[in-house]
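Participant: Before I ask anything, let me first share the structure, which is written out below as structure tokens.
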Amino acid sequence: MITSRRFFLSGATALAASLVAGRANAQDVLGDIFKTAGNWNDTFDARAGQSTKVASTLPIFSPQTVNYTEQAIAQYQDIVSRGGWPQVPDTKKLRLGVSDADVMPLRQRLMVSGDLPQSAGISQAFDSYVDAALKRFQLRHGLPADGTTGKYTFAAMNVPAQVRLGQLQTNLGRLNEKVGTLGDRYVLVNIPAAQIEAVENGRVVLRHTAIVGKIDRQTPIVNSRINEIIVNPYWNAPVSIVRKDIIPLMRKDPNYLKDNHIRLFAPDGGEVDPMTIDWSTEEAAKYRFRQDPGAINAMASVKINFPSPDGVYMHDTPQQSLFGKLMRFDSSGCVRVQNVRDLVTWILRDTPGWDRQSFEAAIKTGENRPVAVTNPVPVHFLYVTAWSTGPGVVQFRDDIYREDGVDSLQITSSL
């Protein structure tokens, strides 16, 4: 049944009139109607304004994604030819229930990009149509879908249409280069999205939030095969972390290594007392720093290994709160995986004796245990900031490492 808000309200008014002889009863009835309508409106307008869903099981690197991205390029060429979209004033936080003149250009902007239907009209009211459209826009740009126009939402919204078109064209080349080469079963880390896809037979079967490298310690491009899972791993600190992090920390707190269960080893394998090191120099960089397995280990419960010239890998982390951040560019190049045990279980599916129950039991022992993967799984760390997984579903992410060549696309790190 298709019902309009106008029909509903006129019906409510007629009902009130018919009950005018009993004003108290009429008031009660209307109160019940509008109490119900409040809940009903929250979903009705949102559904009315909703177009194709943003979430998809379509892999980023698939022939369909290439086709949809080509369609998106044609759509954005048309948008540019018509003058693009209006700039939205970025001085106020707009949200559901607000009535403000700035909502009008917000509506126009969301209409041009296809997030808000033209039938929603232009007004100063931030209603549930606009709320649903803004959340859809935020999801497409990898932003928290809170329905509020914060600084990152404004910045993403006010990137010119011409720049977004160029971003799509740049990334179409990246998609075409790799589509069809990744295999039937693989793990993809999309670096700028800080997201992981486990793909099988043309479908995303698992999707994980990730933490990737800082701007000054970037996660590299990788094409390899996952050949080993290490349960309760030791962590060996890279020389870069020793120089940039551990030595300065030891200068401030001589107990840092002891408190974090990190031991020091000489090149000949013998253990070294940290108190014998001159921490005012970089002498310590010639030693090996190894953290014992345990709850505070930098890799927590598991490490996912594969050959890499840069020595990077994927792993668990004791700092689970980082996965809730908007800026998930916080590692020294390796990739931290949220809900990593789900991914490891999928990787070890064909490895005898390593179902989920066995894996969890091994973690509980606290003992370091390497596991060879029976059928090594391809893993790819790639860089894609724009793609499309359906008609009108155009995804954009920040160009965190400046690979797209336009400063305005490096949004979250510049604000």
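Participant: For the chain, what is the calculated [θ] at 222 nm in deg cm²/dmol (nearest 500), taking -39500 (n - 2.57) for each run of four or more DSSP H residues and dividing by its residue count? Mind dumping the intermediate values first?
Facilitator: Values: 11 runs with 136 residues, N = 415.
Estimated from H runs of four or more residues: -10500 deg cm²/dmol.
Participant: Now for a different question. Compare the peptides 192-201, 125-134, 231-240 by average per-residue count of other Cβ atoms within 10 angstrom and give them in order, highest first.
Facilitator: Values: 192-201: 21.2, 125-134: 23.3, 231-240: 18.2.
Ranked from most to least packed, the peptides come out as 125-134, 192-201, 231-240.
Participant: Then there's this: How tilted is helix 63-81 with respect to the longest principal axis of the chain? Cα atoms for both, answer in degrees (0 to 90, nearest 10).
Facilitator: The angle comes out near 50 degrees.
Participant: Now a separate question. Return the loop-located trypsin sites (Lys or Arg not before Pro) in the stretch 71-176 (DSSP other than H, G, I, E, B) with at most 10 other Cβ atoms within 10 Å of their own Cβ; answer none if there are none.
Facilitator: Details: sites: Arg82, Lys92, Lys93, Arg95, Arg107, Arg109, Lys135, Arg136, Arg140, Lys151, Arg164, Arg174; in loops: Arg82, Lys92, Lys93, Arg95.
Counting only loop positions with at most 10 other Cβ atoms within 10 Å, the trypsin sites (Lys or Arg not before Pro) in the stretch 71-176 are Arg82.
Participant: What aspartates and glutamates could a cross-link reach from Lys151, if we take a straight Cα to Cα line under 13 Å and drop same-chain neighbours fewer than 8 places away?
Facilitator: Result set, ordered by chain and number: Asp90.
Participant: Still on this structure: Among Pro274, Ala300, Phe381, whose Cα lies farthest out toward the positive end of the dipole of the chain, if unit charges sit on the beta carbon of Lys, Arg (+1) and Asp, Glu (-1)?
Facilitator: Of Pro274, Ala300, Phe381, it is Phe381.
Participant: Within 15 Å, Cβ to Cβ, of Asn255, how many net charges do the neighbouring residues add up to if Lys/Arg are +1 and Asp/Glu are -1? Mind showing how you got there, number by number?
Facilitator: Values: positive: Arg251, Lys252, Lys258, Arg263; negative: Asp253, Asp259, Asp273.
My count for the surroundings of Asn255 gives +1.
Participant: Can you list the trypsin sites (Lys or Arg not before Pro) in the stretch 324-386 that are in a DSSP coil and have 10 or fewer other beta carbons within 10 angstrom? Let's see the in-between values first.
Facilitator: Numbers: sites: Lys325, Arg328, Arg336, Arg341, Arg349, Arg356, Lys364; in loops: Lys325, Arg328, Arg349.
When the trypsin sites (Lys or Arg not before Pro) of the stretch 324-386 are filtered for loop state and at most 10 Cβ neighbours within 10 Å, nothing remains.
Participant: By its C-alpha gyration tensor, with a ≥ b ≥ c as the square roots of the eigenvalues, how is the stretch 245-287 shaped: rounded for a/c under 1.5, else prolate for a/b larger than b/c, else oblate? Before the final figure, lay out each step's value.
Facilitator: Details: a/c = 1.99, a/b = 1.29, b/c = 1.54.
Oblate, because a/c is 1.5 or more while a/b does not exceed b/c.
Participant: Net charge within 12 Å of Gln87 by Cβ-Cβ distance, Lys/Arg positive one each and Asp/Glu negative one each, not counting Gln87 itself?
Facilitator: Neighbour charge sum, excluding Gln87 itself: -1.
Participant: When DSSP assigns beta bridges and you keep just the ones with both residues in the chain, what percent turn out antiparallel, to the nearest 5? Please report the intermediate quantities before stating the final value.
Facilitator: Values: 42 of 50 bridges.
Looking only at bridges with both residues in the chain, the antiparallel portion is about 85 percent.
Participant: So how tilted is helix 161-178 from the main axis of the chain? Cα-based, degrees 0 to 90, rounded to 10.
Facilitator: Result, in degrees: 50.
Participant: Check each of the GluC sites (Glu not before Pro) in the stretch 226-306 and keep only those in coil by DSSP with at most 14 other C-beta atoms within 10 angstrom; list them in order. Show your work: numbers first, answer last.
Facilitator: Numbers: sites: Glu228, Glu271, Glu282, Glu283; in loops: Glu282.
Within the stretch 226-306, the qualifying GluC sites (Glu not before Pro) (loop, at most 14 other Cβ atoms within 10 Å) are Glu282.
Participant: Which residues does the label zone of Ala55 cover in the stretch 109-142, counting backbone N under 17 Å from a point 7 Å along Cα→Cβ?
Facilitator: What the label zone holds, given the 17 Å backbone N cut-off, is 132-133, 135-142.
Participant: Quick check on my link table: of Lys92/Lys252; Lys286/Lys325; Lys93/Lys303; Lys53/Lys303; Lys252/Lys286; Lys258/Lys303, which ones sit more than 31 Å apart, alpha carbon to alpha carbon?
Facilitator: Values: Lys92/Lys252 43 Å; Lys286/Lys325 35 Å; Lys93/Lys303 42 Å; Lys53/Lys303 34 Å; Lys252/Lys286 20 Å; Lys258/Lys303 23 Å.
From Lys92/Lys252; Lys286/Lys325; Lys93/Lys303; Lys53/Lys303; Lys252/Lys286; Lys258/Lys303, over 31 Å: Lys92/Lys252; Lys286/Lys325; Lys93/Lys303; Lys53/Lys303.
Participant: Would you mind pulling out the separation of the Cα centroids of the stretch 307-325 and the stretch 206-258, in Å?
Facilitator: Distance between centres, Cα-based: 7 Å.
Participant: Given the C-alpha centroids of the stretch 179-205 and the stretch 124-165, what is the distance between them in whole angstrom?
Facilitator: 27
Rule-based calculations on the coordinates, nothing more; no lab input. Just so we're clear, the structure is a prediction, and the values are computed from it rather than from any experiment. Reconstructed Cβ throughout: ideal geometry from the backbone, glycine too, with neighbour counts over all protein chains shown.
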